[in-house]
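Take a look at the structure set out below.
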Amino acid sequence: MSSTDTAVTKTDGLMVRAFKEALFAGVIALGMFILYIGVKTDQNINNELIWYTRPGLLAIFVAIAFFGRFAIVAFFAPWAKARKMRASLKPASLDAPKPSYFKTHFLKIALVALILYPPVILFLVGTQGSLKYVDNFGIQILIYVMLAWGLNIVVGLAGLLDLGYVAFYAVGAYSYALLSQHFGLSFWLLLPLSGIFAALWGIVLGFPVLRLRGDYLAIVTLAFGEIIRLVLINWTDVTQGTFGVSSIPKATLFGMPFDASAHGFAKTFGLSMSSAYYKIFLFYLALALCMLTAYVTIRLRRMPIGRAWEALREDEIACRSLGINTVTTKLTAFATGAMFGGFAGSFFAARQGFVSPESFVFLESAVILAIVVLGGMGSLTGIAVAAVVMIGGTELLRDMDFLKHVFGPDFTPELYRMLLFGIAMVVVMLFKPRGFVGTREPTAFLKERKAVSGSFTKEGHG
């Protein structure tokens with residue numbers, strides 16, 4: 001048999017295997033989506049529950065699974081294998097390639113871009129048009145960056161799996177909402193107070209879980225988050241229950257309110273009255289809080305407490321044998337991470353002007369933890385990139401009306417954001433199993449600082 005015939009046989013075998021796997025993927029997709037996508041329930045004019053099928057939309061999802069799997073097996077996988085083979089055959093270079101200018105100065109470029117973001121948006125779409133881009137994309141993403149960086153201290157540095165992080169977010173939000181309403185305290189006083197209150201609750205959570213690790217720790221922290229949410233729902237005399245707390249006072253700039261009064265921000269600077277100025281102020285405030293979170297995290301990592309967190313993450317038994325007090329190490333990790341969650345919560349309350357228990361469900365904790373994992377645990381840059389991709393991507397769904405031409409006029413893109421969020425997580429984990437940034441630089445090094453692979457870090461060699 002000639003080499004040509006052998007190649008043709010291999011190609012035919014590959015196509016047959018690709019078709020079989022694609023068919024199997026289509027059947028699995030049909031079974032998964034037949035009720036979720038293929039059937040929709042609604043209420044008629046008599047308030048009766050009715051249901052109807054959507055075979056066209058179901059067929060589109062099954063077709064995507066079928067052709068996607070076929071393309072991966074038949075074309076992408078062989079190309080990736082050949083590319084890897086070619087790379088392995090290249091002679092190793094003695095001189096490591098120099099990183100590009102963009103990679104070297106990525107953080108500086110990103111910071112400049114964030115500072116220029118509001119004025120550029122203001123120039124492009126006008127004052128009122130900038131509201132959506134500054135608030136929904138800018139402020140929303142920065143809040144999740146702050147939350148993810150706070151959770152990174154607990155999960156990424158100390159290695160303590162926390163599924164109830166949203167509880168500290170809620171404590172900060174309700175602390176600001178209630179104290180500002182009933183005692184008239186200003187935002188600038190309540191911002192640090194909310195962080196302190198959340199840190200105290202972090203210590204309260206830390207004490208019962210000192211002896212727990214792994215799955216048991218995750219279950220207890222999950223229960224703690226649910227307890228806080230149930231307290232917010234049932235303590236109606238204070239929290240107003242499911243009605244929430246409304247008319248929360250806004251933040252001010254050196255005592256200058258963002259309203260239509262004579263001494264307000266707009267009248268003082270001779271500007272037309274618009275809520276966009278308040279959103280831009282909140283954007284820069286959120287950016288400053290994120291920078292504070294990053295600075296504190298970096299400084300703490302270089303201090304003995306930060307190295308104790310990393311030692312605790314790698315091996316708790318070895319950590320104890322070195323004489324490190326694991327009790328105080330765990331409590332400081334919980335308290336520090338909770339403090340930044342409290343900061344984010346108070347900022348959220350000032351931004352929304354309304355808080356309710358529905359904003360602090362377990363799904364929020366899951367999203368924040370997913371951002372930390374996808375970005376690369378312990379990596380501030382990777383986590384920020386993951387927050388931009390995941391939160392910004394889900395917000396973009398609200399503007400994707402063109403999807404209705406593909407999936408039908410009844411298709412509402414934002415209702416499927418968690419489905420797409422899960423698909424994106426699976427894709428990222430397949431191609432970047434260590435997160436967007438799988439390497440990190442150790443805080444302690446001998447003679448030369450070298451990046452350490454995420455795989456070595458996980459195994460305890462970093």
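The values are calculated or read from the model by the stated rules, or taken from the named source; none is laboratory data. Here the structure is a predicted model, which means the values were calculated and not measured. Using ideal geometry, Cβ is built from the backbone for each residue, glycine included, and neighbour counts are taken over all protein chains shown. Side chains included, ligands, DNA and RNA excluded: accessible areas come from the protein's heavy atoms. Shrake-Rupley method; radii C 1.70, N 1.55, O 1.52, S 1.80 Å.
In what sequence, largest accessible area first, do 9, 381, 394 appear using a 1.4 Å probe?
On the way: 9 80, 381 50, 394 20 Å².
The most accessible residue leads, giving 9, 381, 394.
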Sites residue 112 and residue 295, calculated FRET efficiency, Cβ-Cβ separation with R0 25 Å, nearest 0.05: 0.90
Heavy atoms of residue 24 accessible to a 1.4 Å probe, total area in Å² rounded to 10: 140 Å²
Three semi-axes of the equivalent ellipsoid, the stretch 107-431, Cα gyration tensor, whole Å, largest first: 33, 24, 20
Rounded accessible area per residue of the stretch 9-82, 1.4 Å, Å²: 70 Å²
Spin-label model distance (nm) - residue 423 vs residue 186, 7 Å beyond Cα toward Cβ: 5.0 nm
Apportionment of accessible area to carbon and sulfur, the chain, percent (1.4 Å): 68 percent
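Local charge sum around residue 18 (other residues, Cβ-Cβ under 12 Å, Lys/Arg +1, Asp/Glu -1)? Don't jump to the answer; show the numbers that get you there.
Working: positive: 17, 20, 69; negative: 12, 21.
Once positives and negatives cancel, what remains is +1.
State the extension gain, in nm to one decimal, for the chain segment bounded by residue 216 and residue 328, taking 0.36 nm per residue of separation less the distance between their alpha-carbons.
On the way: separation 112, 0.36 × 112 = 40.32 nm, distance 1.97 nm.
Contour length minus the Cα-Cα distance gives 38.3 nm.
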Gain in span if fully extended, residue 403 to residue 354, counting 0.36 nm per residue against the direct Cα distance: 14.4 nm
Length added when fully stretched, residue 24-residue 268, from 0.36 nm per residue minus Cα-Cα: 81.2 nm
